[in-house]
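Each value in this text was obtained by applying a stated rule to the coordinates, not by laboratory testing. Being a predicted model, the structure only gives us computed values, none of them experimental. Counting neighbours? That spans all protein chains shown, and the Cβs are built from the backbone with ideal geometry, glycine included.
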Amino acid sequence: MTYLEKLETAVKNSNSTLCVGLDPNLNLLPDATRKKIGSTSELVYEFCSMVVEVTKDHCAAYKPNLAFFEALGKKGLKVLDEVIEIIPDDKIIIADAKRGDISSTAEHYKKAFFDTFNVDAITLNPLMGFETLDAFSSDETKGVYVLALTSNPGAEDFLKKPFEGFDMMAEYIAHTLFERSIHTEAHLGMVVGATQSAEARSVIEHHSKASLLIPGVGAQGGNIEELANTLAAHEGIPLINSSRGIIYAGAEHENWLEHVGNAAKALKENLSIITQNYVG
């Protein structure tokens, strides 16, 4: 099964374009869980496993953020592996690694994430050049989400500046990804922030069949109706990510898990105006 086939199946089976971001910040974990578990690595595993259990019926994908696992030290990657193992096989798993290097370094990143952790996709930063994608490009069962127009204010520093005859560097990245995708076995998708809906339209027009990973809905304030308008003519399947807005819903309550499940269900329903275009 190719990456796009698995992605399409995951979205149709869940009737959802929601991606749940797994960002286990030790400072934000629910007190109710913290009181029961002493070890930080065990705490993170239990937290993530409970989040997966109550959200799996509402999402098509999960996006573990590497920084939060690496911060656990030598046990962090073991916890990451254990969390990946408990995610249902029919869900897309995206390693939010934002790596971007060349040659043997990139090859070893590929071995780590695609071969060892066996995730379906990875986020990559292209600013060292598009050769940073080469190591990840030969497996049709995998996907790559390249940072194109990110949701943070710092997108102004580079990605929104004019570049190589394009109004924004983000458009240049999208155009180049489209050209490379013609000869690449792995799927080359893009990261486009929901907080940048006004600018995103011109970016995704340059790579109209790209699957999109879209952060910025939820805690960052991205507007779903605006996003739906931006995506109206886009052919590639989007995954709309929410991390804090779901996994820390009701963190101050004893029944925090119920709040997490309800938050995921509510966002899935709110995203239906987008999802309906990709499940027919």
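Side notes on the structure shown:
- Spin-label model, E42 to E252: label points 7 Å out along the Cα-to-beta-carbon direction sit 2.9 nm apart.
- Applying a threshold of 20 Å to the alpha-carbon distances of K12/K56; K6/K91; K56/K98 flags K56/K98 as lying beyond it.
- Placing unit charges on the Cβ atoms of the charged side chains and taking the dipole of the chain about its Cα centre, the candidate lying farthest along the positive direction among T40, I87, H207 is T40.
- In percent, rounded to a whole number, the relative contact order of the stretch 3-275 is 22, using alpha-carbon pairs under 8 Å and six or more apart.
- Positive contributions from Lys and Arg (+1) and negative ones from Asp and Glu (-1), summed over other residues with Cβ under 15 Å from the Cβ of D23, come out at +1.
- Straight-distance crosslink candidates among aspartates and glutamates, where the alpha carbon sits under 17 Å from K75 and sequence neighbours closer than 8 are dropped: D23, E42, E46, E85
- Computed over the chain with a Gaussian network model linking Cα atoms closer than 10 Å, the most mobile of E46, E179, E164 is E164.
- Shape box of the stretch 60-166 [Cα atoms, principal axes, largest first, Å]: 46, 30, 29
- When the Gaussian network model of the chain links Cα atoms closer than 10 Å, the mean-square fluctuations of P64, P126, P215 top out at P126.
- Cβ-based net charge around A135, under 12 Å, with every Lys or Arg adding one and every Asp or Glu removing one: -2
- Placing a label point 7 Å from the Cα of E185 along the Cα-to-Cβ line, the residues of the stretch 123-163 whose backbone N sits under 15 Å from it are 134-144.
- Efficiency of FRET from Cβ geometry, S49 and E70, R₀ 25 Å, rounded to 0.05: 0.85
- At full extension, D101 and N229 could sit 42.6 nm farther apart than now, given 0.36 nm per residue minus the alpha carbon distance.
- Cross-link partners of K110 among aspartates and glutamates, defined as those whose alpha carbon lies under 15 angstrom from its own and excluding same-chain residues fewer than eight positions apart: D96, D101, D120, E131, D134, D139, E140, E185.
- Student exercise, the stretch 3-275 dipole from Lys, Arg, Asp, Glu Cβ charges, in Debye to nearest 20: 440
- Note on N262 and Q276: the extension gain reaches 3.0 nm, defined as 0.36 nm multiplied by sequence separation minus the Cα-Cα distance.
- Here is the P(r) of the stretch 164-280: all C-alpha pair distances, binned every 5 Å from 0, give 2, 12, 20, 20, 17, 12, 9, 5, 3, 1, 0, 0 in whole percents.
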